[in-house]
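Everything below concerns the one structure shown next.
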Amino acid sequence: MVLDEIDSKAELDDWAMKIKTKGFSDVHITNLKLVPGADGGWHSHPGPSIITVKSGTATFYDECVDFAPQDFPAGTGFVEDAGCVHLLKNEGSVDLEVIVVQIVPFGAPRRIDEPAP
């Protein structure tokens, strides 16, 4: 899906949000399922990705936080920042399912494969 420029702002009491783009953006929505022990490979993105964990537990390794493993159980979520090399892995004993929403510059790849650090 292609979006025109975004200039959004929200302030409800102390909560705040701001998203601003120039030009068109591509939006990708992906449903990813990983069996126990599987991972999505080392990669990065040219824009942010919002991850929602539907089932299982996602273990996330991210260069922007020194690759310290972060666990996200079902019902939680997190953001993959643009430009950070990372890996999503299922280190649990049940299938992992996540929904990913990505916003990238128009025409840019949604994913950039990266060498393992």
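The number of residues in the stretch 78-117 that are within 18 Å of T52 (Cβ to Cβ) and among the small types (G, A, S) comes to 1. Where strands (runs of 3 or more DSSP E) sit wholly within the stretch 9-117, those with at least 2 residues that are touching a residue at least 40 places away in the same chain (Cβ under 8 Å) occupy 25-34, 49-55, 86-89, 96-105. If you go through the stretch 20-40 and pick out every residue that is open to solvent by 60 Å² or more (accessible area, probe 1.4 Å) and over 17 Å from L96 (Cα atoms), you end up with 3.
Exactly one residue out of S49, S55, S8 is in contact with a strand residue (DSSP E or B) (Cβ under 8 Å, 6 or more places away or on another chain), closer than 17 Å to R110 by Cα and open to solvent by less than 70 Å² (accessible area, probe 1.4 Å): that is S49. A74 falls short on exactly one of the conditions (1) among the small types (G, A, S); (2) surrounded by 13 or more Cβ atoms within 10 Å (Cβ to Cβ); (3) touching an Asp or Glu at 6+ places or on another chain (Cβ under 8 Å), and that condition is (3). Here the condition is being surrounded by fewer than 17 Cβ atoms within 10 Å (Cβ to Cβ) and at pLDDT 95 or above; of P117, P105, it holds for P105 alone.
Might you check whether a residue that is more than 29 Å from L3 (Cα to Cα) and modelled with pLDDT of 95 or more occurs anywhere in the stretch 14-33? Among the residues of the stretch 14-33, not one is more than 29 Å from L3 (Cα to Cα) and modelled with pLDDT of 95 or more, which makes the answer no.
The values are calculated or read from the model by the stated rules, or taken from the named source; none is laboratory data. Fair warning: this is a prediction, and the values are worked out from it, not measured in the lab. For neighbour counting, all protein chains shown are included, and Cβ atoms are generated from backbone atoms with ideal geometry for every residue, glycine included. Side chains included, ligands, DNA and RNA excluded: accessible areas come from the protein's heavy atoms. Shrake-Rupley method; radii C 1.70, N 1.55, O 1.52, S 1.80 Å.
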